[in-house]
Structure formats: structure tokens, C-alpha cells
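**Student:** Quick one: the structure is below, and I'll ask about it shortly.
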Amino acid sequence: MTTLTIQLPASLANKAAELARQDEITLDQFAAMAVAEKTSAWMTEDYLAERAQRGSREKFLKALAKVPHVEPEAYDRL
């Protein structure tokens, strides 16, 4: 484990502590989960950007052409 010391505005620290209490977890656990969520979001954004670079309209249209031109089943209609 690594120990971090951070400075937060009092209002943010108080709200984080309140939310941690509501979830019956420590403020350290709350902060670790918040960092994990943000890290995951950024990693997902990077992953999607990388995937988008590999895509093309041509590939999309080729895949779309494989979809049968039929009416959807009754359970699948909007």
C-alpha cells in the first residue's frame, strides 16, 4: 500500500466522510474507490479512442450489409 496525503476543500472532505459513513466504509476506502473509478473511466476513454482509430466507415458498412433485411420479431419491436 502507498500512503497519500491530500488537501481537499472542507466541504468536499465533509461530504466524502458523510458518504463513507452512509456506506459503512472508512474514508480511506471511499477515497480508494473514487480513485479506482476515475482511473477506470480514463482507461476506458483511452481504450475507446484507440479502438475508434482502427474503425472505418467502410468496415461499418460491410458489417451492416450482413444484417438481414427482415422485420424484427414482435418482442423486439419498439
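**Student:** Would you mind telling me which numbered condition in (1) under 24 Å from the mean Cα position of the chain (by Cα); (2) in a loop (DSSP other than H, G, I, E, B); (3) among the hydrophobic types (A, V, I, L, M, F, W, C) VAL70 fails?
**Tutor:** The number of the failed condition is (1).
**Student:** Would you mind stating whether SER40 is surrounded by fewer than 10 Cβ atoms within 10 Å (Cβ to Cβ), in a helix (DSSP H, G or I) and among the small types (Gly, Ala, Ser)?
**Tutor:** For SER40, the condition - surrounded by fewer than 10 Cβ atoms within 10 Å (Cβ to Cβ), in a helix (DSSP H, G or I) and among the small types (Gly, Ala, Ser) - is not met.
Values in this text are rule-based calculations from the coordinates and carry no lab data. The shown structure was predicted, so the numbers you read here are calculated from the model rather than taken from an experiment. Reconstructed Cβ throughout: ideal geometry from the backbone, glycine too, with neighbour counts over all protein chains shown.
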